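Before any comments, here is the structure.
The values are calculated or read from the model by the stated rules, or taken from the named source; none is laboratory data. Since the structure is predicted, the reported quantities are computational estimates derived from the model, not experimental observations. Neighbour counts are summed over all protein chains in view; Cβ atoms, including those assigned to glycine, are modelled from backbone coordinates with ideal geometry. Note: areas computed on protein heavy atoms with side chains; ligands, DNA, RNA excluded. Shrake-Rupley method; radii C 1.70, N 1.55, O 1.52, S 1.80 Å.
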Amino acid sequence: MSSDNTIRLLLINDNPAEAQRLVSMLQNAGRPNRAQHVASEAALTKLLQEHTWDLLIATEQTKQLEAANAIRTISKLQKDVPVILLSEREGAQPAVEGLKIGARDVVTVDEDQHLLLVIQRELIALEERRKSRLNERRYVATLKRTRELLDSSKDAIAYVSDGLIVYANDSFAERFGYKDRDDIEYQPLIDMLTEGEQPDAREFLRQCAISNNEVEAQEWQFTARTVNGAPLPTRAEVLSTVYEEERCLQVRIAASSGNTEELEAQLNEAKFRDAATGLYNRQRFVQLLDNAIQSAAGSQRTGGLMYIEIDRFEESVQQIVGVAGADHLHMKFAELLQAGVRRGDIIARYGEQSYCLLMPETTPDSAESRAKELLQKVADTIFEAAGKTLHITASTGISLLSETSGNADKVLEQATKAHSQAVGKGDGNTFALFEPDSDTQGDTDTYHRARVVQALEAGNLKLLFQPILSLQGSGEKIYEVLVRLVDGKDELAPIAFLEALGDAGLSTKMDRWVILAAVKAAAAQIAKGQDVSLLLHLTAASLKDPSLPAWLGVAFKAAKVPPKTVTFQMRAEDINSNLHAARDFAKQVQDMGCRVAVCHFGTGLSPFKALEHVNVDIAKIDASFVREVQDEGEGADALVKLVGQLKEINTQVIVPHVEQASMLPTLWQTGTDYIQGYYVQPPGDEMDFDFSLD
């Protein structure tokens, strides 16, 4: 599980102060969380039935709810929620007792580093289990589609296990004169042959089963008997395979009796095509990729491979339009990819939600340019499936082909690694080029710090602007300002690893660069008659910088930008960790005329507690509340309740990560002030959104 994801946490602890300390410790360690204190078995049951949870941390001895009862409740409801116990006792005995009742691990109280490592391990394991269950659902869906294809095939197909026909489609039954396939299923196949051919047929089928050949079908010519006893000369192909998890033989009789070379070529070609999209399948693509690598090895040319995957496919497509709709989406997605091919390109469907584009001759810059163009085209396209419109994005990893590439497996591994790097940059719609040296960096912290320093000195930074749309018709034109580090090959969000580095001086320097560049961009828009507003993120280091407010006054005056144009955004965890500094900063900039916002709001045990000390104008809801409704299909009760509580204290609300129109009625009814996300518009280079649409 990415450290960017909000942990949905249950806490069983009789000491509220200790529970709050745990939450704060996680926040300070860069693990934002939505914690819920549980005081009874009934409350636990209700929470488990209504929401998805990632983790439960319980103290060993509690009066309100015993840990053993909590674990038993989780097991009874068949929920996958790992439990970690905290014990004040030392030694092996508490661990033995905890593991016996079903806890994943037992950690001594106040051993925070140990606890963080256990949490990380359990969250990774949880994510792997969830992926496994997802793959199981996909496998079942694939089997269902396969069965449907078999049932509707014009070819006569039967599966034979231990000599018995365990499955036959209607075409197979009709070919031999039977009215229904039920008449021949679980009957010996050998009985359908003339008596003189049965011994040879029995030996042939036995040899096919022994050879276990799943690739090359064996040709079988025999004389069958119809239901009326009439002889029927037959030519079939026999292949070893698996049906309903049992090893068996597939017997296929082609619908057409014409055995011309053209028909054989068509059959061979069909073996290498994906049924849903018509693209090359994985098997054929790996062969073609190996050929391209060999060609590159014998020349000075450089080729490229794009590994393309639809972002959050399960949540953004399959849960919305179902299996059949997903197949239709894949067909349209494949058409989009084919529309952008160039001479020599090869496109294949590589996996359930992944594709590969082989470029036999390219350069790193050209490959990245094509990736950016392709991803933008995907993001700009409105797909239709199952009567619904879908807005999807994709991410891609790029690997180059040269004399050092080796084989297809190596190139594919590099491309998938680059894809993982791209996905790690944010919420999707990104690409990355695999760089071998990036895996062998000795001092990662020094490397990242040097990149930021160099970017600041050389001006290799750029701003992106994402519009925030008013749902209440305020007419405000607000843009959140995002910064990216550009080194010619990558666009990275430097704030993410700056905060991990803990370099306060570099963080404040970066914040000031962003503020200056952003207010200059706003001044240019104001000069054109565009009354824009900016939402600027501040790191924790800037909150604690006492010289920042005075510097801001000078910067606003120099840029001729009114302070009311700017809203400063602080993370909820930074406010909780620096309460006095955040309170003082908020008051000083609000006295200037600026607004103050808090993001990741709703995390922790008591999110409203900080608002009693720090006056904020706007709260941006934590994205996990939106994902529960939008991606995981849960109810909107938690989101509606949180928005309602904020409206009661006259705090405006931004709901981010909105990707589906289906979210809008709920948000509008709650009185949500603003929405942000790919449904509105992805981050862009210019402040050019048409706010008249609101």
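Things worth noting here:
- Subset of the stretch 353-392 that is open to solvent by 50 Å² or more (accessible area, probe 1.4 Å) and acidic (Asp, Glu) - its residue that is nearest to ALA292 (Cα to Cα): GLU361
- Note on the stretch 40-80: residues that are open to solvent by 10 Å² or more (accessible area, probe 1.4 Å), over 22 Å from GLU634 (Cβ atoms), touching a strand residue (DSSP E or B) at 6+ places or on another chain (Cβ under 8 Å) and aliphatic (A, V, I, L, M) amount to 1.
- Residues in the stretch 65-91 that are aliphatic (A, V, I, L, M) and either modelled with pLDDT of 90 or more or not in a loop (DSSP other than H, G, I, E, B) (or both): LEU65, ALA67, ALA68, ALA70, ILE71, ILE74, VAL81, VAL83, ILE84, LEU85, LEU86.
- Checking each residue in the stretch 535-560 for being of a type in the set (Val, Ile, Thr) and touching a Leu at 6+ places or on another chain (Cβ under 9 Å) picks out only THR539.
- Answer residue from the stretch 393-410, given it is part of a loop (DSSP other than H, G, I, E, B), within 24 Å of PHE431 (Cβ to Cβ) and of a type outside the set (Gly, Ala, Ser) and is most open to solvent (accessible area, probe 1.4 Å) among those: THR404
- Pick from the stretch 516-561, criterion under 19 Å from LYS620 (Cβ atoms) and either among the basic types (Lys, Arg) or in a helix (DSSP H, G or I) (or both), ranking: most open to solvent (accessible area, probe 1.4 Å): ALA540
- Candidates in the stretch 562-606 are the residues that are β-branched (Val, Ile, Thr) and touching a Lys or Arg at 6+ places or on another chain (Cβ under 6 Å); of these, the one that is surrounded by the most Cβ atoms within 10 Å (Cβ to Cβ) is THR603.
- Residue tally, condition open to solvent by less than 40 Å² (accessible area, probe 1.4 Å), assigned to a loop (DSSP other than H, G, I, E, B) and more than 11 Å from GLY604 (Cβ to Cβ), over the stretch 1-29: 2
- Unmet criterion (only one of (1) modelled with pLDDT of 90 or more; (2) out of contact with any Phe, Trp or Tyr (no Cβ under 7 Å at 6 or more places or on another chain)) for PHE204: (2)
- Residue within the stretch 667-686 that is under 20 Å from the mean Cα position of the chain (by Cα) and hydroxyl-bearing (Ser, Thr, Tyr) present: yes
- Within the stretch 662-677, residues that are outside any loop (DSSP other than H, G, I, E, B) have Cβ atoms under 8 Å from residues that are modelled with pLDDT under 90 and polar (S, T, N, Q) in these pairs: SER662/GLN630; MET663/GLN630, counting only partners at least 6 apart in sequence or on another chain.
- Scanning the stretch 591-599 for any residue that is more than 29 Å from SER24 (Cβ to Cβ) and small (Gly, Ala, Ser) turns up at least one such residue.
- Residue in the stretch 613-634 that is among the small types (Gly, Ala, Ser), farther than 22 Å from ILE478 by Cβ and open to solvent by less than 60 Å² (accessible area, probe 1.4 Å) present: yes
- Considered as a group, the residues in the stretch 81-99 that are among the aliphatic types (A, V, I, L, M) and open to solvent by less than 20 Å² (accessible area, probe 1.4 Å) include one that is nearest to the chain's Cα centre (by Cα), and that residue is VAL81.
- Any chance GLU659 is within 22 Å of the chain's Cα centre (by Cα), touching a residue at least 60 places away in the same chain (Cβ under 8 Å), open to solvent by 70 Å² or more (accessible area, probe 1.4 Å) and closer than 27 Å to LEU390 by Cβ: no
- With respect to (1) touching a helix residue (DSSP H, G or I) at 6+ places or on another chain (Cβ under 7 Å); (2) surrounded by 12 or more Cβ atoms within 10 Å (Cβ to Cβ); (3) at pLDDT below 85, the lone exception for ILE253 is condition (3).
- Total residues in the stretch 270-294, condition under 18 Å from VAL341 (Cβ atoms) and either modelled with pLDDT under 60 or open to solvent by 40 Å² or more (accessible area, probe 1.4 Å) (or both): 5
- Taken over the stretch 199-224, residues that are assigned to a strand (DSSP E or B) and open to solvent by less than 70 Å² (accessible area, probe 1.4 Å) amount to 4.
- Set LYS647, LYS641: member being over 16 Å from GLN466 (Cα atoms), open to solvent by 30 Å² or more (accessible area, probe 1.4 Å), more than 25 Å from the chain's Cα centre (by Cα) and in contact (Cβ under 8 Å) with a residue 12 or more places away in the chain: LYS647
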